[in-house]
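Everything below concerns the one structure shown next.
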Amino acid sequence: MGHQLLRSGTSVAAHVREASRARSDAEFCSKIDGALQEADESQLWIELLREDCGIVGDTTERLHVETNELIAIFVTMAGNTRRNAK
C-alpha cells in the first residue's frame with residue numbers, strides 16, 4: 001500500500017505540473033481533474049494504511065488533512081476555470 005501511495009502521490013504532482021503548462025482551459029481542467037483523481041486515490045491509500053494496517057500518528061493525520069485540502073483546491077480550480085470559460 002505504501003508503494004501505491006507513493007505512485008498516486010507523485011502522480012498528483014505530475015498532473016499539476018502539466019496543468020501549469022496547459023495550452024487551453026479545457027486542457028488545464030483535464031489535467032487538474034487527473035490530479036483530483038490521483039489525490040482521491042492517495043486519500044484511499046492513507047485511509048487503508050490507517051484503518052487496515054494500524055499505521056496511525058501525526059504523520060498519517062497530517063497527510064490525510066493535507067490531501068483533503070488539495071482535493072478541495074483542485075475542485076475549486078477546475079470549477080472556477082470552467083465557470084470563467086463560459
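What the table below lists for this structure:
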item: Top-ranked residue of the stretch 1-29 - restricted to ones that are touching a Cys at 6+ places or on another chain (Cβ under 9 Å) and outside any helix (DSSP H, G or I), ranked as nearest to residue 82 (Cα to Cα); result: 22
item: Test: residue in the stretch 37-51 that is open to solvent by less than 80 Å² (accessible area, probe 1.4 Å) and more than 15 Å from residue 4 (Cα to Cα); result: no
item: Residue 32 being touching a helix residue (DSSP H, G or I) at 6+ places or on another chain (Cβ under 7 Å) and assigned to a loop (DSSP other than H, G, I, E, B); result: no
item: Condition check for residue 79: free of Cβ contacts under 8 Å to residues at least 12 places away in the same chain and either open to solvent by less than 60 Å² (accessible area, probe 1.4 Å) or in contact with a Cys (Cβ under 8 Å, 6 or more places away or on another chain) (or both); result: yes
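Each row is one residue, and each column tells you yes or no for (1) under 17 Å from the mean Cα position of the chain (by Cα); (2) closer than 18 Å to residue 8 by Cβ; (3) at pLDDT 95 or above; (4) loosely packed, with under 14 Cβ neighbours inside 10 Å.
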| residue | (1), (2), (3), (4) |
| --- | --- |
| 53 | no, yes, no, yes |
| 58 | no, no, no, yes |
| 61 | yes, no, no, yes |
| 69 | yes, yes, yes, yes |
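The values are calculated or read from the model by the stated rules, or taken from the named source; none is laboratory data. Every value quoted in this text rests on a predicted model; they were computed, and no experiment measured them. When we count neighbours, we look across all protein chains shown, and the Cβ atoms used for this are built from the backbone with ideal geometry, even at glycine. Note: areas computed on protein heavy atoms with side chains; ligands, DNA, RNA excluded. Shrake-Rupley method; radii C 1.70, N 1.55, O 1.52, S 1.80 Å.
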